[in-house]
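Presented below is the structure to which this report refers.
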Amino acid sequence: MTGLLDRLRPPEDGVWWIVASGLLLGLAHPPFHLLVPSFVALVPFLVWVGRLPAGPEGRSRALRGGFYLGLLYFTLVFYWLVVALIYYTPLAILAFLFPVLIMSGFLALATLGMQQAIHRLGAPLWLAAPVFWTASEWARGHLGPISFPWMELGATLTGYPRLIGAADLVGTRGMSFWLVAANALLAVLWLRVRQSGGHREGAAPEGPGSGSLWTRLRAPVAALLAALVLPVGYSLYRWNTVEMEPAARVGVVQPNIPEDLKLQSSRAADSARSASETLLRRPEIDGADLDLVILPETVFPLFIDPIPSAGYRGQPSVREWASRTARRLDAALLYGGIGSEDRGGGEFDYYNSAFLLDSTGTRVARYDKRNLVPVVERVPFVDPDWFRMVNYFGGYGVGERRGPLEAGGTSFGILVCYESIFAGQSRRYRRGGAEFVVNMTNDAWFGRHEPWWSRTSALWQHPAHLVMRAVENRMGVARSANTGISGLVDPLGRFHHRTELFTAASFAGTVYTSSQVTLFTRWGDWMGTGSAVLALLGIVAAGWRRRGSSRHGAETE
């Protein structure tokens, strides 16, 4: 037992380095959104990684250090999962623990990969660190129904849109690669300065062991300057050269229905209809020349359509109100509700759906959400029919992939709730001809109006992803959130018409787009995929060299 505990405890020499990096990483993310931590947060941890020795002890420390950094970092960023989901189910604790443990495991493996690449392959820290870190982000975004690419490191810069223009080349994970590389180069400088002063801890010194201090610092300083100047210079260039054009005039409604009321479907629907009616009659909406009016996700948390075999009539009053509203406003109307498919015999599938009506009040399309929230909307790897018997919890169906929809002479894609975190979905819409995307969401479960401490960081983290989606594809975004934050994002990543949290609000505005098809739109997440491939090749090569050393008796570990 003692031996097991020794293997599981944090590496003693790395505790404070890990804590420092974990805390700084937390400050880089919303709601703090501090700029400097994005570029320096990983320096303490990577200095510690650069000092790790070769051999079994180094591998063990790398695994444990990476895992404990992940535990601290991901707990600070994702603590809100418990707060948000506990209102739905006690499984919220598992819904928090599993993602954090999985992501921490990936970070542990990434740290081991860095250590092995440095010692087995002679890779420099400034290359090994961004490759394996970015590969770990790619991995957690490719886990099927439990994929969770929420708040990757590159997204910490969404509060500074002038700096993220290079995302139209490399995507969010490319920005993560950039930030980790900058952190790693600073760590290399730290290590070389320490080595020049006679501190030669560790078996993986960065750079030559002799020569003047400037000689030893010249290369990493030049590399760091290039790593900062080139991406920032490109971003500033794009900031001044991207030409935007109007895509559509939209009206956005934020009814502000609290989550405790949302859980009471009929009362929530009545309140939402009353609030939306009032907001839609405000001067900024009523009588405006709009192409599309957007209401939030499940603004009507009811089964909208009839299910004949189950003897269910649907919600004719909701359908009639929506049709009448579209005709009155002379605009297409998009609203959220529960869609269904009758399977006969009283059985049916149900979906988190968006319903689109044209300006005549005729329904023209229904979009069913594809990327479902694990546990709450669909329990992974479990037959959904079982959960459909438990108060319609955990058994939502997965919608079919579909292309952009049309309204008012323009085309747009729909992202329901946290589908905004999946870069590939927005990219597919753009490749299919979409001029902008609409994000319909209910963020009420991320917090409450009072007390202030019940407002979790997810309220600010969630909309931040849309800044990256806009810049990656140089297209606009319109967001309607039940309790906020609602607003429009332009192709430069600027947020317009930003609403206040937990207030009823509505506005009309122009969604802008561009005619450009970016490299990211064409090639996708080539930086993330490339890093994953390089990491895999590095692991294979390091393992091959280790076996070769053992066969020839050269294993000194």
**Prompt:** Quick one: in region 401-452, which of the residues that are modelled with pLDDT of 95 or more and among the polar types (S, T, N, Q) is nearest to ARG327 (Cα to Cα)?
**Reply:** SER411
**Item:** Candidate set: region 198-220, residues that are in contact with a helix residue (DSSP H, G or I) (Cβ under 7 Å, 6 or more places away or on another chain), in a helix (DSSP H, G or I) and more than 16 Å from ALA128 (Cα to Cα); chosen: the one modelled with the highest pLDDT
**Value:** LEU217
**Request:** Go through region 454-504 residue by residue and tally those that are in a strand (DSSP E or B) and out of contact with any Leu (no Cβ under 7 Å at 6 or more places or on another chain).
**Result:** 4
**Request:** List the number of the failed condition for ALA365; all other conditions in (1) touching a Gly at 6+ places or on another chain (Cβ under 7 Å); (2) within 20 Å of TYR396 (Cα to Cα) hold.
**Result:** (1)
**Message:** The conditions are (1) outside the structural domain of PRO296 (by TED's automatic domain parsing); (2) buried (at least 17 other Cβ atoms within 10 Å of the Cβ), and VAL540 fails exactly one of them. Which is it?
**Reply:** (2)
**Request:** Quickly run through region 127-148 and pick out the residues that are surrounded by fewer than 24 Cβ atoms within 10 Å (Cβ to Cβ) and closer than 19 Å to LEU25 by Cβ.
**Result:** TRP138, ALA139, ARG140, GLY141, PHE148
**Message:** Regarding region 135-146, can at least one residue be identified that is part of a helix (DSSP H, G or I), of a type in the set (Ser, Thr, Tyr), in contact with a Gly (Cβ under 8 Å, 6 or more places away or on another chain) and modelled with pLDDT of 95 or more?
**Reply:** no
**Asked** Does LEU356 fit the bill of being closer than 15 Å to THR298 by Cα and in contact (Cβ under 8 Å) with a residue 60 or more places away in the chain?
**Response** no
**Message:** The conditions are (1) of a type in the set (S, T, N, Q); (2) at pLDDT 95 or above; (3) touching an Asp or Glu at 6+ places or on another chain (Cβ under 8 Å), and GLN195 fails exactly one of them. Which is it?
**Reply:** (2)
**Request:** Quickly run through region 303-345 and pick out the residues that are touching a helix residue (DSSP H, G or I) at 6+ places or on another chain (Cβ under 8 Å), surrounded by fewer than 16 Cβ atoms within 10 Å (Cβ to Cβ) and either β-branched (Val, Ile, Thr) or part of a loop (DSSP other than H, G, I, E, B) (or both).
**Result:** GLY345
**Message:** So, in region 475-521, how many residues would count as being out of contact with any strand residue (DSSP E or B) (no Cβ under 8 Å at 6 or more places or on another chain) and touching a residue at least 24 places away in the same chain (Cβ under 8 Å)?
**Reply:** 10
**Request:** Determine whether ALA322 is closer than 19 Å to MET440 by Cβ and touching a residue at least 60 places away in the same chain (Cβ under 8 Å).
**Result:** no
**Asked** What number of residues within region 25-65 satisfy the criterion of being over 21 Å from the mean Cα position of the chain (by Cα) and of a type in the set (Gly, Ala, Ser)?
**Response** 7
**Request:** Taking only region 224-258 into account, find how many residues are among the small types (Gly, Ala, Ser) and in a strand (DSSP E or B).
**Result:** 3
**Request:** Please specify each residue of region 182-196 satisfying the condition of being surrounded by fewer than 24 Cβ atoms within 10 Å (Cβ to Cβ) and within 17 Å of VAL232 (Cβ to Cβ).
**Result:** ALA182, LEU186
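Condition check: surrounded by 24 or more Cβ atoms within 10 Å (Cβ to Cβ), of a type outside the set (Val, Ile, Thr), in contact with a Ser or Thr (Cβ under 6 Å, 6 or more places away or on another chain) and free of Cβ contacts under 8 Å to residues at least 60 places away in the same chain. Does ALA62 satisfy that?
Yes; evaluated as a whole, the condition is true for this residue.
Look through region 505-521, keep the residues that are among the polar types (S, T, N, Q) and part of a strand (DSSP E or B), and return whichever of them is farthest from SER454 (Cα to Cα). Give the steps one after another, and end with the answer.
Residues of region 505-521 that are among the polar types (S, T, N, Q), as a first pass: 506, 510, 513-516, 518, 521.
The next check asks that each one be part of a strand (DSSP E or B); those that pass are 506, 510, 513-514.
Numbers: SER506: 24, THR510: 33, THR513: 36, SER514: 39 Å.
The residue in question is SER514.
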**Prompt:** Which residue out of THR111, THR134 is within 17 Å of the chain's Cα centre (by Cα) and of a type in the set (S, T, N, Q)?
**Reply:** THR134
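The values are calculated or read from the model by the stated rules, or taken from the named source; none is laboratory data. Given the structure is predicted, the values throughout are model-derived calculations rather than measurements. Glycine gets a Cβ as well: all are built from the backbone with ideal geometry, and neighbour counts include every protein chain shown.
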